[in-house]
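Okay, structure first, notes after.
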Amino acid sequence: MSKAKATADKCLSNNSRIQSLLSQLEKVNAEPLLFDSDNTRYVTAKILHLAQTQEKTRKEIAAKGSTGMEVILCTLENTRDLQTILNILNILNELASTAGGRRINALISKGGSRILLQLLLSASKESSSNEELMMVLHSLLAKVGPKDKKFGIKARVSGALNISLNLVKQNLQNPRLILPCLQVLRVCCMNSVNSVYLGKNGAVEILFKLIGPFTRRNTGLIKVSLDTFAALLKSKTNARKAVDRGYVQALLSIYTDWHRHDTRHRHMLIRKGILQCLKSITNIKIGRKAFIDANGMKTLYNTSQECQAVRTLDPLVNTSSLIMRKCFPKNRLPLPTIKSAFQFQLPIMPTSGPVALLYSMPPEVDDVVDESDDNDDTEAETEAEAENEESDQLCKNDDIETDITKLIPGQELGRTLEDLKMYERFFPELTEDFQEFDLVSNEPKPGAKLGPIIVPTAGEEQPEVPNNFMKDLEKRSCNISLEDECNKRPTFLDMPKNVTNKGNDGLGQQVHGDIDRSCYYFSSDIVKDLEKLSLRKPSGNHPCRNGCVSAKDKPIFLPHPCNKSTSNSGSCSNNLFEKHSMHLSPLCCSGITPDDDESSPLDELAMREITDFDNLLPLHDPDLYIEIVKNTKSVPEYSEVAYPDYFGHVPPFFKERLLERPYGVQRSKIFQDIERMIHPNDIIDRVVYDLDNSSCSAQDESEVLKFNSKFESGNLRKVIQIRKNEYDLILNSDINSNHYHQWFYFEVSGMRTGVAYRFNIINCEKSNSQFNYGMQPLMYSVQEALASRPWWYRVGMDICYYKNHFSRSSIATGGQKGKSYYTITFTVTFPHRDDVCYFAYHYPYTYSTLKMHLKKLESLHNPQQVYFRQEVLCETLGGNGCPVITITAMPESNYYEHVYQFRNRPYIFLSSRVHPGETNASWVMKGTLEFLMGSSTSAQSLRESYIFKIVPMLNPDGVINGNHRCSLSGEDLNRQWQNPNVDLHPTIYHTKGLLQYLAAIRRTPLVYCDYHGHSRKKNVFMYGCSIKETVWHTNANAASCDMVEDSGYRTLPKVLNQLAPAFSMSSCSFVVEKSKESTARVVVWREIGVQRSYTMESTLCGCDQGKYKDLQIGTKELEEMGAKFCVGLLRLKRLTSPMELTLPPSLIDIENELIESSCKVASPTTYVLEDDEPRFLEEVDYSAESNDDADPDLPDTIGDFENTALEEEGFSDSEITRTHTSGQST
């Protein structure tokens, strides 16, 4: 007890003692005339002793509310006694050395920087400045400077820069003094104006003198000198001086010397400092040229190869890689032009925009020029420009719409009702009376009131309506997911558009794009077959309508010319498929032949009978697909069909996890690219596929792969063999464009097993990709399909996405600085020899596939339950029809009450696939369509609740021709919604017309949703529109908190967050951006007046939360999302229509069974931004611009130069960069 009391007394004594000492200083400061130097020296010495020995004393001086710091600084400002000054500087050093950040900030806030700089000026005016004073003062300034954002300006304005620089010049042989001076200069060099100023005063030459070859002496000084030199060389003016004086060659020699002698790697920071100097110099064009001329590529390549075995030397390898990539000469793509290989003549030529710019460009715009801004010294001589360092202010995004008048939605149709009457024919449901239909149902209740027809709109709650339609709901289970089928078909079709099979009546008629709009009735046995959601294929007694043919009627095609002589060539006949068997001849025609010395695996596989998957893939019919392809019009006039599109796709039974990224994979790929320049004789550089050169045929050599993409949605322009098993692939630009390269779909054949083939797609454009975060490309193997495994599956190892050395000129990029391309690289080992395999960016879904699915849906639906109409909205530029679908429930009878309820259901308007490369959007739409056409109770209830108007493919031409983003007009159709041109953007013009018509007749849709795909984020999420959330994000209007807005736009996303495992509410955003004002989401919200107007984005990669966490997404999950969206609409009906009678318990139970994920919805809007895609927000940056080091951000202990010098000899690396592992997305 007495011991505890003694400790407490001692603490009290210490606290009272420091307070007493500070009080004495305060009295002296208050009466300058009575200033006693001896007493002040004694008091400050006592305080210094206590600060050095007791943390409590340091806390007391710097405590919040304490005046200790002010008293000490005031004493420093008033005293002229050297020892007192040294005592106070040492006290401040003690305070800054522990818990430095907070205490240094307190020191700065009380004017400490100004007082210290003033002290430096006063001390420099003395006839003989005290070395110890200068050393301690600079040590403290080196700690304070990085925390003071205005330190650079203060140092230059006060004249302190010259003092520090002169001290270095005059004391080159005194490392103990110049070390802290260099640290202060390094901090000042973070200001570009200071860098230019110091360079003009000889700092470049002085610092280079301090750098030299390997030595064991003064290594701490050399390290700091290099850091300061690297910071100084960030100024282009200083970098040019270094080049002019031959420092590039000298730095390379010094680096080689340190690399050779530092065998124990104790001086890695010095070696890295030299690389940082080279990195700064090579930021300018003449620096890169000097680096190349000095054989720097080979020097750094060789030293890096020797360093790779030591993990702790990774910072050296990474920095060397950055320098070499930067200096790798920029090349144009090996193409005659970066414009698309295909041309399409537009009906009218735009006077402005990207297409007009494209056609006005001179032919040489593809030439690459190194457009470094060497002639523009951006380090302005003005202070204000350099130091707008208020970098910690809240980030303000100028793209957020701040004009409230533009944010307030309102119906601005822009077209007269008379003009919009042309769309009446697309709404037969509004005029249908069903008097001629044999509808079996109950009569309406006696005495039922015949009220007026109510027109629900997006802005109103729906009143109670007759609910007789709820009577006969049956309790059935809902089986959403559909399994797929595998079938058979020849790859190559040489088919004239007019050819008909005279010997086959079923195919004697030309299949037209126009769809029969009359309702088709099935016999009762077929209706029974439709009781399940998994729609079965009708029996042979009931052939498909609208051109579908039965399995008995096999089409006759002209086979692709085959010049290969094989024993099976005689089987190349018109009857290719007999009893579900696949013969070898079609594969022979696609380039697969058995070797002379052994039998091909296909001999056995081709003769194996394939399982009939008709019941598993009800919407896939290979023969129907062929007929539809005949009438699909493409710019290249494709006459071939890809095997996967013919066979169909079955989701694999296994889960595909996100690929774990191997450590250092990107670095190793980059070094292999650099080897091309260092060892050019090792490069084959042979063109093996070229759309621009029709004479370029596939090589006959067995070691060379064969490529093809001349089929619907295919995209591959050129292939160059680089090494024996490595190929560079170049994608075709979107037609009438010179960019948008991301989507790929191509065929490979002639492979061998056990060989690792590397594929590099070298002209991608996005700055980052999910290929860096676990995504893999997709592959489809014909041999696997023949073995009853007809599915796309994820493949590839050593996958990464990085910036390469190919570039475009500024003119080609629309005035921007020359833009670099990016490489997707992946390595594949094929499972079968001489297989035919297909690779794709994502699961392909062609226009012909859509038309096949729609025809099958129409032929399989139950006309007693489902009202289904398919019409052609318009013809595209390429001459293809754009289908529009109407789905709802048939009325219970043709009595007025039932027809009344039928006509007045709210509209749901859905669209998809405006961007051709976002194929996942079509798979989601497929899930939606299949659910809506199903026979489950939930589907029937949904149809009875809404009328669905669907445009499943807004950009058919782009899809057909393998575009990534544009239509044949060369424009992004999702940027044309404000003012679409009927000639250039017909699908957008008329889709908007449908919505305008609904608004004009007061039938505004309750929900509009446009399905998209997202390449840089995981999960599925939505973008909506909210005035309040937009204004809140601008921070411009504090009154936004008082703004009243119906929050109903959040209801559907919240419901989906509960229902759909892949959906993430935390990734949703409801902010309206200026750059999105012409997108479907914003225009439909603003002009049509649909509050619930959304873009639903589905990942191309996978999920990082929920049931599918760490899994890559597949078609099963995408189709499930489409079905869950429908279930969400059913829940939305209940949540937004409280006046309606409650749904039957049986239906609620069925609906609840579909809720497989019970995530809580508690996340606010996450604001993100990019074109259609928010900024990539992964935790780890794998972009080619990434830098493993953050360049001179000074550590808090930078002033401890004594320790730095001592510890350098026993250095162990503490700057190892973070391991490249897959990051988690936002």
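Things worth noting here:
- Of all residues in the stretch 687-711, those satisfying the criterion of being surrounded by 14 or more Cβ atoms within 10 Å (Cβ to Cβ) and more than 30 Å from Lys633 (Cβ to Cβ) are Gln699, Val704, Leu705.
- Filtering the stretch 257-271 to residues that are within 17 Å of Tyr301 (Cα to Cα) and open to solvent by 60 Å² or more (accessible area, probe 1.4 Å) leaves only Arg260.
- Matching residues in the stretch 1015-1033 - criterion: being farther than 21 Å from Tyr841 by Cα and touching a residue at least 40 places away in the same chain (Cβ under 8 Å): Met1022, Tyr1023, Gly1024, Cys1025, Ser1026, Ile1027, Glu1029, Thr1030, Val1031, His1033
- Within the stretch 725-782, the set of residues being of a type in the set (A, V, I, L, M, F, W, C), outside any strand (DSSP E or B) and open to solvent by less than 10 Å² (accessible area, probe 1.4 Å) comprises Leu731, Ile735, Trp743, Phe744, Met751, Phe771, Met775, Val782.
- Residue in the stretch 1072-1088 that is touching a Leu at 6+ places or on another chain (Cβ under 8 Å), within 18 Å of Lys1017 (Cα to Cα) and assigned by the TED database to the domain that holds Pro980 present: no
- Some residue of the stretch 909-925 being assigned by the TED database to the domain that holds Lys1017, hydroxyl-bearing (Ser, Thr, Tyr) and in a helix (DSSP H, G or I): yes
- Only residues that are open to solvent by less than 70 Å² (accessible area, probe 1.4 Å) and either acidic (Asp, Glu) or farther than 22 Å from Ser109 by Cβ (or both) were counted across the stretch 45-78, and they come to 7.
- Residue match in the stretch 910-924 (condition: among the aromatic types (Phe, Trp, Tyr), open to solvent by less than 10 Å² (accessible area, probe 1.4 Å) and at pLDDT 95 or above): no
- Restricting attention to the stretch 1071-1107 and to residues that are touching a strand residue (DSSP E or B) at 6+ places or on another chain (Cβ under 7 Å) and assigned to a helix (DSSP H, G or I), the residue that is surrounded by the most Cβ atoms within 10 Å (Cβ to Cβ) turns out to be Val1084.
- Residue in the stretch 123-139 that is over 22 Å from Ile206 (Cβ atoms), touching a residue at least 60 places away in the same chain (Cβ under 8 Å) and part of a helix (DSSP H, G or I) present: no
- Failed criterion for Phe806 (all others in (1) more than 24 Å from Ile1113 (Cα to Cα); (2) open to solvent by less than 10 Å² (accessible area, probe 1.4 Å) hold): (2)
- Met852 vs. criteria surrounded by fewer than 23 Cβ atoms within 10 Å (Cβ to Cβ) and at pLDDT 95 or above: no
- Failed condition for Ser941, given (1) touching a Ser or Thr at 6+ places or on another chain (Cβ under 8 Å); (2) over 21 Å from Glu858 (Cβ atoms); (3) part of a helix (DSSP H, G or I): (1)
- Against the criterion of being buried (at least 24 other Cβ atoms within 10 Å of the Cβ) and either out of contact with any Lys or Arg (no Cβ under 9 Å at 6 or more places or on another chain) or within 14 Å of Asp419 (Cβ to Cβ) (or both), Ile988 qualifies.
- Close Cβ contacts (under 7 Å, 6 or more residues apart or on different chains) running from residues in the stretch 424-438 that are in contact (Cβ under 8 Å) with a residue 12 or more places away in the chain and not assigned by the TED database to the domain that holds Arg903 to residues that are crowded, with 17+ Cβ neighbours inside 10 Å and assigned to a loop (DSSP other than H, G, I, E, B) comprise Asp433/Asn894; Phe434/Pro891; Phe434/Asn894; Gln435/Asn894; Phe437/Asn894.
A quick yes/no check of all residues on (1) within 25 Å of Gly879 (Cα to Cα); (2) within 27 Å of the chain's Cα centre (by Cα):
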position: Thr928; (1), (2): no, yes
position: Ile960; (1), (2): yes, yes
position: Arg975; (1), (2): yes, yes
position: Pro980; (1), (2): yes, no
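- Matching residues, the stretch 154-185, being assigned to a helix (DSSP H, G or I) and open to solvent by 30 Å² or more (accessible area, probe 1.4 Å): Lys154, Arg156, Val157, Ser158, Asn162, Asn166, Lys169, Gln170, Pro175, Arg176
- Reported count of residues in the stretch 626-656, each being hydrophobic (A, V, I, L, M, F, W, C) and open to solvent by 10 Å² or more (accessible area, probe 1.4 Å), is 5.
- Each residue in the stretch 877-902 was checked for being farther than 30 Å from His985 by Cβ and under 46 Å from the mean Cα position of the chain (by Cα), and 5 of them qualify.
- Which listed residue is open to solvent by 10 Å² or more (accessible area, probe 1.4 Å), farther than 30 Å from Lys154 by Cβ, of a type in the set (A, V, I, L, M, F, W, C) and not assigned by the TED database to the domain that holds Leu161, from Ile286, Ile274, Ile254: Ile286
- Among residues of the stretch 155-166 that are in contact (Cβ under 8 Å) with a residue 24 or more places away in the chain, those with a beta-carbon under 7 Å from a residue that is open to solvent by 10 Å² or more (accessible area, probe 1.4 Å) and outside any helix (DSSP H, G or I) at least six positions away or on a different chain give the pairs Leu165/Asn201.
- Residue check for Phe931: of a type in the set (Phe, Trp, Tyr), out of contact with any His (no Cβ under 9 Å at 6 or more places or on another chain) and in a helix (DSSP H, G or I): yes
- Subset of the stretch 876-897 [under 22 Å from Lys630 (Cα atoms) and in contact with a helix residue (DSSP H, G or I) (Cβ under 7 Å, 6 or more places away or on another chain)]: Thr876, Leu877, Gly878, Asn880, Cys882, Pro883, Val884
- Residues of the stretch 347-362 classified as in a loop (DSSP other than H, G, I, E, B) and β-branched (Val, Ile, Thr), total: 2
The values are calculated or read from the model by the stated rules, or taken from the named source; none is laboratory data. What you see is a predicted model; the values in this text were computed from it and never measured. Reconstructed Cβ throughout: ideal geometry from the backbone, glycine too, with neighbour counts over all protein chains shown. The protein model used for the area step is the full one, side chains on, heavy atoms only, and it has no ligands, DNA or RNA in it. Shrake-Rupley method; radii C 1.70, N 1.55, O 1.52, S 1.80 Å.
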